[in-house]
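J.: Below is one structure. I have some questions about it.
The values are calculated or read from the model by the stated rules, or taken from the named source; none is laboratory data. In this text, all values refer to a predicted model and were calculated from it rather than measured experimentally. Using ideal geometry, Cβ is built from the backbone for each residue, glycine included, and neighbour counts are taken over all protein chains shown. With ligands, DNA and RNA removed, areas are computed over all heavy atoms of the protein, side chains included. Shrake-Rupley method; radii C 1.70, N 1.55, O 1.52, S 1.80 Å.
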Amino acid sequence: MGDSRVTRTGRHPYNSRSNKCRPIRTPGGKLVAQKITKKTKGPRCSDCKNSLPGIKHLKSSEYPNTKKRERKVYRAYGGTTCAHCVQLRIMRAFLLEEAKAVKKVMAERQAK
């Protein structure tokens, strides 16, 4: 049985939240420490605060290095609001306009 100990890479030897590592066996049979990056919550909907589907969960500093299609969804409010909230917004705007039109027609009938 070989040695199962690994030495942490870098100058910070402590097992803190930002310095987690896991032992990985290389093709040469050597056991080395691989640094684990923290998972992010990812982008959230501005209305319902749910996670946005179709957009990668990356750190803010990594987004400029990704393609535009990986940062947003091609739809109205894509990348900031989920599809359901956009649908509700469109419906609400439509119903408000309909209510205004109905009110105008009723006022015209009253005038006659």
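J.: Are any residues in segment 57-70 without any contact (Cβ under 8 Å) to a residue 12 or more places away in the chain, part of a helix (DSSP H, G or I) and open to solvent by less than 90 Å² (accessible area, probe 1.4 Å), and if so, which ones? Break it down into steps so the answer makes sense when it comes.
T.: Looking only at segment 57-70, we keep the residues that are without any contact (Cβ under 8 Å) to a residue 12 or more places away in the chain, and these are 60-69.
Now narrow it down to the ones that are part of a helix (DSSP H, G or I): 63-65, 68-69.
Listed by number, the list holds a single entry, Y63.
J.: While we're on this one: In the set M1, M106, which member is assigned to a helix (DSSP H, G or I) and either open to solvent by less than 100 Å² (accessible area, probe 1.4 Å) or at pLDDT below 95 (or both)?
T.: Working: M1 fails: assigned to a helix (DSSP H, G or I).
After ruling out the rest, the residue left standing is M106.
J.: Checking the structure you have, find out if any residue of segment 71-83 is assigned to a helix (DSSP H, G or I), hydrophobic (A, V, I, L, M, F, W, C) and surrounded by 10 or more Cβ atoms within 10 Å (Cβ to Cβ).
T.: Checked segment 71-83: at least one residue is assigned to a helix (DSSP H, G or I), hydrophobic (A, V, I, L, M, F, W, C) and surrounded by 10 or more Cβ atoms within 10 Å (Cβ to Cβ).
J.: Any residue at all in segment 44-51 that's open to solvent by less than 100 Å² (accessible area, probe 1.4 Å) and of a type in the set (S, T, Y)?
T.: Checking segment 44-51: at least one residue is open to solvent by less than 100 Å² (accessible area, probe 1.4 Å) and of a type in the set (S, T, Y).
J.: Taking segment 24-43 only, how many residues are open to solvent by less than 100 Å² (accessible area, probe 1.4 Å), under 30 Å from G2 (Cβ atoms) and part of a loop (DSSP other than H, G, I, E, B)?
T.: 4
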